[in-house]
Structures are given as C-alpha cells and as structure tokens.
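Enquirer: Let me begin by handing over the structure; questions about it come next.
FYI, it's all coordinate maths here, none of it is from the lab. Source: prediction; values computed, not measured. Cβ coordinates were reconstructed from backbone atoms using ideal geometry, including for glycine residues, and neighbour counts include every protein chain displayed.
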Amino acid sequence: MAQSPVVIALNRAGAPTAQRIAAARGLALHGRAGRVDKADAFFANALTHVRDLFAAGVPVIGVCASGILIRAVAPLLGDKTSEPPVLSVADDGSVVVPLLGGHRGANRLAREIAVALSATAAVTTAGDVALGVALDDPPPGYRLQNHDDAKAVMAKLLSGAAPRIVGDNIFGLERNAEGPVDLVVTEAPLEGDASRLVYHPQTYVVGVGCARNADPVELETLVRDTLAIAGVAPGATAAVATIDIKADEPAVNALAASLGVPLRLFTADELEALTPRLANPSEIVFSEVGTHGVSEAAALAAADGAALTIEKRKSANATCALAHAPVPITALNGRARGRLAIVGIGPGQSSWRTPEASHLIAEADELVGYGLYIDLLGPLAAGKTRKDFPLGKEEDRCRYALEKAAEGRNVALISSGDAGIYAMGALVFELMDRGVEAQGVSAAARRVEVISTPGVSALQAAAARAGAPLGHDFCAISLSDLLTPRADILRRLHAAATGDFVIAFYNPVSQRRRTLLAEAREILLAHRPADTPVLLASSLGRPEETIRYRRLDELEVDEVDMLTVVLVGSSNSRLAQLGEGPRMYTPRGYARKIDGDLA
C-alpha cells in the first residue's frame with residue numbers, strides 16, 4: 001500500500017474498536033461529527049468522506065456495516081489493480097472483512113487487524129483461503145516478475161497441492177517436490193509463466209552518473225548491459241542513486257521510471273565520505289562536482305551494508321556501478337528528488353475536486369497555501385504538516401513550497417479553482433525561471449519535479465450554476481490592479497467590449513479597489529444592450545453559496561465582494577425563465593445554421 005490507511009468510526013458503539021485499531025497500527029482515526037467524541041479528524045457525511053478518501057487512493061478501514069462502505073465507493077469502482085484496500089470491521093471488533101484490494105494488501109491487513117483484536121478475518125479470496133497468502137503480494141523487499149501469471153498459478157494450487165519452492169521460502173508455505181507449480185526466488189534473470197512465479201529480492205542499487213542532457217537510451221543501455229554482465233535481473237534492483245545536482249536529469253529520471261524503482265539523491269559531501277571504499281576514485285570528477293566518484297559512491301550510499309559488485313563502467317556520456325546488500329532493501333538512504341504538486345481544488349465542495357487532485361493531496365507530506373483553502377480540504381488534510389500564508393503573501397507561499405520540495409519532500413501547493421488561472425501556477429514557474437540572481441529560488445529548488453493538476457475554475461462553476469453563459473466566445477479579465485497596470489486593464493476591457501465577448505471578471509472588488517468594476521460596466525454599456533444579463537456568483541460550492549442575476553445597467557458595485565465571480569453576457573446572451581428558474585445562456589448559432597440548411 002502506497003499510502004497509510006485511515007480508520008473510520010461512525011458511532012459511539014464502534015469508536016472503542018476503531019481506537020484500538022488506530023493505536024495498534026499507528027493510524028489516523030477519523031470520526032463522524034456529533035457521534036464520535038475522540039478522533040484525529042471529524043467529518044459530517046460518511047458516504048462523501050469515504051468516497052473522497054477512496055478517490056485519493058487512501059486505504060479505508062471502516063468500523064461499520066459493509067454496506068455503508070460499498071455504497072460510498074460503488075460509483076468509483078473500475079480497476080481492481082489500482083483501487084486502494086477497503087475493509088469493514090464489526091462494531092464489536094469480532095470480524096474483519098476485506099471488501100476491496102485483497103491482492104493489494106487488504107487481506108494481509110485484515111489478518112493483522114484480526115490478530116490485534118483477537119477477531120476473525122473473513123478473507124474470501126480463493127487463493128488466500130487455500131494457501132493463507134496472496135502470491136501476487138510478496139513481502140516487502142521482493143518483487144514479482146510475472147504478475148499477470150499469478151491468477152493462473154493460484155488456480156492450479158486450489159486443489160490443495162503445495163508448490164515446488166526454489167530458493168527462499170518467502171511465504172512460509174509447505175514445500176512439495178511434485179507440486180504443480182514453481183515459486184522461484186532468485187536475483188538472476190528468469191522468465192516466469194503460467195506454471196512458474198518468479199520473485200526477485202531487491203538487493204541491488206544502481207549508481208549512475210552522466211553528462212548534462214545525456215541520451216536516456218544511452219544510459220539505460222549501459223545499465224541494462226551492466227545488469228546482464230552481473231547476472232542480475234532488473235527486478236532485483238531497489239533504487240537508482242546519483243548526486244543531487246542530477247535530480248532533474250531526464251536520462252536519470254527516465255531510468256528510474258523504466259526500472260520501476262525510486263531515485264535516491266546524495267550531496268557531494270555525502271558521496272565524498274565514501275571515497276576510501278571506491279574502486280575508481282577520480283580527481284577529474286572531484287574537480288567537476290566535489291566528490292571523487294558518483295556512480296560507485298551513490299550505489300554504496302543508498303543501502304546499509306552494501307558492497308560494490310560491479311565497478312564503474314562507462315559509455316560516452318554516462319557511468320554505472322552496482323552495489324549489493326546482504327538482505328532485501330526495505331529502507332533506502334538519501335533523499336527523493338522532491339515534488340511540488342500545484343493543486344487546484346475547485347471552488348470548495350469536495351465533489352467538484354478531481355480524483356487526481358485528491359490523490360496528490362493525500363500523497364503529500366506537507367500542504368502549503370492560504371489557510372481557508374487548506375481548511376476546505378476537511379479531513380483529507382488531517383494529520384498533515386501544513387503551512388498557512390495570508391492573502392498578499394503569494395510569492396512567499398510559492399517560494400516556501402519550492403524550497404521544501406528541494407529538501408526531498410512531497411509538497412502540495414493548494415489553490416482554489418484552477419491553480420493555473422489567476423493563481424499560484426504561473427508564479428511557481430516564474431520563480432524557477434528567475435534563478436537565484438533575480439530573487440528566484442535556489443538551484444536545488446529549480447531541480448524539483450513540478451506537476452500541475454486541473455481544477456474546476458470559478459468561471460466554470462458559475463457558468464454551470466447559471467446554465468450555459470459560456471456557450472460562445474468568452475474571456476476572463478482580472479480587475480485587480482495590484483499586479484497589472486490599470487491602463488492595461490482598461491485597454492483589455494475596451495477590446496473585450498468591442499469584440500462582444502462574454503466576460504468573466506475575477507477579483508472584481510476589494511476593500512480598497514471599488515472603481516474598476518463600475519468603469520467596466522460603463523465601457524460595456526457603450527457596446528451592448530442595457531438589459532444584458534449579468535450573473536453574480538458568490539462562495540460557489542459552499543453552504544453560503546448565492547446566485548443572483550442583474551441587468552448590466554443595474555449592476556451595483558456594493559453588492560459584489562472578493563468572493564464573487566461576475567459573468568457579463570454578450571449582446572447575444574439570454575436570461576430565460578425555464579422550469580427550474582432563470583437560466584442564462586449564450587447561443588452558439590445553431591439556429592442560423594439550421595435556417596441556412598433549410599434555405
């Protein structure tokens with residue numbers, strides 16, 4: 001399981017059992033507000049909360065009826081190979097039922113919880129029932145080479161015959177020299193099939209170095225040739241390791257992704273400390289990067305007790321070395337590259353937050369943002385380190401997030417709406433682009449992985465509430481002159497008015513900015529009818545949400561605040577009184593098309 005499970009308590013009857021599970025496993029406990037007294041976080045609606053956790057990839061242990069959990073996650077079910085475990089536990093702790101993710105850790109977790117509670121684990125997966133283990137879920141430090149064959153192998157064992165075991169007996173099963181299938185544990189390359197599962201102990205670290213912008217194919221070819229020479233299967237590798245200045249090297253990151261292992265980074269000083277153990281120390285390398293070796297030193301540094309088995313090998317632009325640990329590696333030294341996820345959470349309500357956004361938030365070590373936006377995450381933010389910044393400190397917010405990611409942390413920078421629309425996305429890339437000399441961020445921060453995920457923007461949410469006002473050409477204009485010269489805003493207003501665009505006004509007013517919205521109204525009235533519909537949408541997706549309509553000539557600045565999105569229709573926009581009430585829309589022109597076709 002990639003993420004730590006969350007224990008859910010829905011009532012006082014099940015709370016003691018939930019607390020025992022959380023304490024025994026060191027897990028977070030989330031409780032239903034008003035029904036559970038003690039918890040790490042509280043939620044109002046059980047179905048919504050479980051669904052949010054599941055969408056984020058968080059394993060759920062619900063102390064409640066199985067049906068509640070099933071109803072919560074049913075709309076999201078689709079791919080059993082990626083869905084997180086979901087377990088149901090009886091209120092009295094007597095039975096633990098793995099509902100989903102049996103072969104992704106749920107069955108094993110159910111047994112462990114059952115031991116802690118002196119309960120019964122109601123495992124129903126056929127292979128687990130027959131053998132007591134899931135053959136496609138090996139212990140930590142081992143990797144199954146031919147995962148797709150696991151189902152066929154398990155089927156052959158359902159008769160009750162024990163398997164033939166070659167190498168370590170990692171599952172503790174009874175051996176049978178005449179068994180119908182082989183379970184092979186080996187560091188060597190070996191193909192599996194429908195009668196043979198091959199497990200590789202992850203005992204090797206690949207240390208690499210390369211020139212800047214080296215060809216990824218060249219580096220991967222060097223590494224795979226080195227593994228072949230050593231007689232080591234790619235699946236027996238636990239990590240790719242290198243010096244930290246190569247954190248953003250495309251070839252190095254592509255290699256780690258191809259091998260399916262993490263990338264571990266070390267400073268020059270950390271690598272230099274291993275110089276006495278290097279087979280090929282180099283003064284040239286020292287003069288360039290501050291350590292006498294990169295590939296050999298990084299391979300040694302990544303795992304305790306590791307020793308070189310293949311000394312440094314070279315290609316034109318890359319180097320590679322292999323180190324071997326005495327036991328499968330389950331804990332790596334060094335640090336990760338560090339990642340900054342720029343996350344737009346939508347206007348507020350969790351149902352408008354994308355599953356990808358929820359997943360990135362759940363994976364993050366630290367949340368950074370305006371406090372209100374982090375609060376909107378509710379229990380999804382519980383237990384996470386957070387750094388709140390007030391409005392007006394946007395640059396400090398982005399700089400902090402980047403520098404924390406530079407330390408190897410997984411950071412989520414939280415914005416409302418879409419983070420790339422009038423939010424933090426552009427500022428992150430601007431700070432990285434500036435460099436240190438122009439008051440940007442450190443060199444380490446410029447090497448972090450930065451990913452952006454889309455969110456439902458305020459203009460989309462407002463338009464959906466109204467009907468379809470963005471049905472034809474539209475634009476967005478911010479009326480804040482804190483960062484944009486007033487003259488530029490006025491120029492854009494005139495252009496949008498002349499072009500007859502539907503306009504979404506962001507940042508329409510603040511306590512000190514009260515005039516630009518009124519000026520915008522007058523500019524638009526010179527180009528479109530006085531009865532042009534205007535939508536005022538405030539606090540979208542939150543309990544205090546309000547939707548109001550006005551004529552353009554009746555738009556008043558005092559009824560707009562900084563939480564309001566203003567949508568002004570074009571000359572073609574309409575406000576129709578329909579069955580559900582007013583609906584604002586902008587025709588695309590289909591009526592003209594139909595008339596033309598009929599003509």
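Enquirer: Residue-wise, which Karplus ³J(HN,Hα) couplings in Hz belong to the range 551-557, taking 6.51 cos²θ - 1.76 cosθ + 1.60, θ = phi - 60°, and x for glycine or proline?
Expert: For the range 551-557, the Karplus curve yields 6, 4, 6, 10, 5, 10, 4 Hz.
Enquirer: Length gain on complete extension for the stretch R588 to S195, per 0.36 nm per residue less the alpha carbon to alpha carbon distance? Write down the numbers at each step before the final one.
Expert: Values: separation 393, 0.36 × 393 = 141.48 nm, distance 6.06 nm.
Stretched out fully, the R588 to S195 stretch lengthens by 135.4 nm.
Enquirer: Quick one: compute the contact order of the chain, relative version, from alpha carbon pairs under 8 angstrom and 6+ residues apart, as a percent.
Expert: On the way: 1332 pairs, mean separation 50.2, N = 599.
Relative contact order of the chain: 8 percent.
Enquirer: Report, for the chain, the % of DSSP beta bridges that are antiparallel, rounded to 5.
Expert: Values: 41 of 100 bridges.
Roughly 40 percent of the beta bridges in the chain run antiparallel, per DSSP.
Enquirer: Provide the packing ranking of 304-315, 413-424, i.e. peptides ordered by the mean count of other C-beta atoms within 10 Å per residue, highest first. Intermediate results must be reported in sequence, preceding the final value.
Expert: Values: 304-315: 16.7, 413-424: 24.5.
Descending mean neighbour count gives 413-424, 304-315.
Enquirer: If you don't mind, another one. What number, rounded to the nearest 500 deg cm²/dmol, is the helix-based mean residue ellipticity at 222 nm of the chain, given -39500 (n - 2.57) per DSSP H run of at least four residues and division by all its residues? Kindly include the intermediate steps, with their values, before the conclusion.
Expert: Numbers: 19 runs with 179 residues, N = 599.
So the calculated ellipticity at 222 nm is -8500 deg cm²/dmol.
Enquirer: Can you give the FRET efficiency for A155 and E449, using 1/(1 + (r/R0)^6), R0 = 41 Å, r = Cβ-Cβ distance, to the nearest 0.05?
Expert: On the way: r = 41 Å, r/R0 = 0.99.
For A155 and E449, the calculated efficiency is 0.50.
Enquirer: Could you work out how much longer the chain between V217 and Q3 gets when fully extended? Use 0.36 nm per residue separation minus the Cα distance between them, nm to one decimal. Before the final figure, lay out the partial values.
Expert: On the way: separation 214, 0.36 × 214 = 77.04 nm, distance 3.21 nm.
Length gained, V217 through Q3: 73.8 nm.
Enquirer: Working out 0.36 nm times the residue gap between T275 and N572, then minus their Cα-Cα distance, what length gain in nm do you get to one decimal? Mind showing how you got there, number by number?
Expert: Working: separation 297, 0.36 × 297 = 106.92 nm, distance 7.41 nm.
Answer, rounded to one decimal: 99.5 nm.
Enquirer: Taking the Cα centre of the range 459-585 as origin and charging only Cβ (+1 Lys, Arg; -1 Asp, Glu), how large is the dipole, in debye to the nearest 20? Numbers along the way, then the final one.
Expert: Numbers: 15 positive and 16 negative charges, 35 e Å.
Dipole magnitude for the range 459-585 comes out near 180 debye.
Enquirer: Which order do E544, E430 fall in if you start with the one that has the fewest other Cβ atoms within 10 Å?
Expert: Working: E544 9, E430 13.
With the fewest neighbours first, E544, E430 line up as E544, E430.
Enquirer: How large is ³J(HN,Hα) for each residue in the range 387-396, as worked out from phi by the Karplus curve 6.51 cos²θ - 1.76 cosθ + 1.60 (θ = phi - 60°), to whole Hz, x for Gly and Pro?
Expert: After applying 6.51 cos²θ - 1.76 cosθ + 1.60, I find 10, 8, 10, x, 4, x, 10, 5, 5, 4 Hz.
Enquirer: Another one. Exactly which trypsin sites (Lys or Arg not before Pro) in the range 344-392 are in a DSSP loop and have at most 16 other Cβ atoms within 10 Å? All intermediate terms of the calculation are to be shown ahead of the outcome.
Expert: Working: sites: R353, K384, R386, K387; in loops: R353, K384.
Counting only loop positions with at most 16 other Cβ atoms within 10 Å, the trypsin sites (Lys or Arg not before Pro) in the range 344-392 are K384.
Enquirer: Another question, then. List the residues, sorted by chain then number, that are 5 or more residues from F42 or on another chain and whose placed amide H is less than 5 Å from its amide H.
Expert: Hits under the 5 Å cutoff: G31.
Enquirer: What angle do you read, to the nearest 10 degrees and between 0 and 90, between the alpha-carbon axis of helix 106-117 and the longest principal axis of the chain?
Expert: Taking Cα atoms only, the helix is inclined about 80 degrees.
Enquirer: With a point put 7 Å past each Cα toward its Cβ, work out how far A426 is from N317 in nm, to one decimal.
Expert: 3.5
Enquirer: Another question, then. Hey, rough spin-label estimate for E580 and D488, points 7 angstrom out along Cα→Cβ, what's it come to in nanometres?
Expert: Modelled inter-label distance: 3.8 nm.
Enquirer: Taking the Cα centre of the range 308-464 as origin, work out the dipole magnitude from +1 charges on Lys and Arg Cβ and -1 charges on Asp and Glu Cβ, in debye rounded to 20. Could the numbers behind the result be given before it?
Expert: Details: 18 positive and 17 negative charges, 116 e Å.
Using Cβ point charges on Lys, Arg, Asp and Glu, the range 308-464 gives about 560 debye.
Enquirer: What size of dipole, in debye to the nearest 20, comes out for the chain about its Cα centre when the only charges are +1 on Lys and Arg C-beta atoms and -1 on Asp and Glu C-beta atoms? Before the final figure, lay out each step's value.
Expert: Values: 59 positive and 69 negative charges, 234 e Å.
Magnitude of the dipole: close to 1120 debye.
Enquirer: Take each of the peptides 393-404, 169-180, 456-467, average the number of other beta-carbon atoms within 10 Å over its residues, and list them starting from the highest. Mind dumping the intermediate values first?
Expert: Details: 393-404: 19.9, 169-180: 13.2, 456-467: 22.2.
Sorting 393-404, 169-180, 456-467 by mean packing, highest first, produces 456-467, 393-404, 169-180.
Enquirer: To the nearest Å, what is the center-to-center distance of the range 72-142 and the range 310-379, using C-alpha atoms only?
Expert: 26
Enquirer: Taking only Cα atoms, what is the 0 to 90° angle, nearest 10, from helix 424-434's long axis to the longest principal axis of the chain?
Expert: 70
Enquirer: As I understand it, the dipole of the range 204-324 uses +1 on the Cβ of Lys and Arg and -1 on the Cβ of Asp and Glu, about the Cα centre. Which of H324, L265, G231 lies farthest toward its positive end?
Expert: Farthest towards the positive end: G231.
Enquirer: Which listed residue (V166, Y590, L380) has the Cα farthest towards the positive end of the charge dipole for the chain, taking +1 on Lys and Arg C-beta and -1 on Asp and Glu C-beta about the Cα centre?
Expert: Comparing the listed Cα positions along the dipole, Y590 ranks first.
Enquirer: Using amide H atoms built 1.01 Å from N in the peptide plane, name the residues 5+ places from V456, or on other chains, whose amide H lies under 5 Å from its own.
Expert: G346, T354
Enquirer: ³J(HN,Hα) across the range 467-474 via Karplus (A = 6.51, B = -1.76, C = 1.60, θ = phi - 60°), whole Hz, x for Gly/Pro?
Expert: Coupling constants for the range 467-474: x, 8, x, 9, x, 10, 3, 8 Hz.
Enquirer: For the chain, find the longest principal axis of its Cα atoms and tell me its angle to the long axis of helix 250-259, 0 to 90°, nearest 10.
Expert: 60
Enquirer: Collect residues whose amide H, placed 1.01 Å from N in the peptide plane, falls under 5 Å from the amide H of R143; neighbours closer than 5 in sequence don't count.
Expert: Those lying under 5 Å, H to H, from R143 are H200, Q202.
Enquirer: What's the local net charge at A46, with K and R +1, D and E -1, over the other residues with C-beta under 10 Å away?
Expert: Around A46, the surrounding residues sum to +4.
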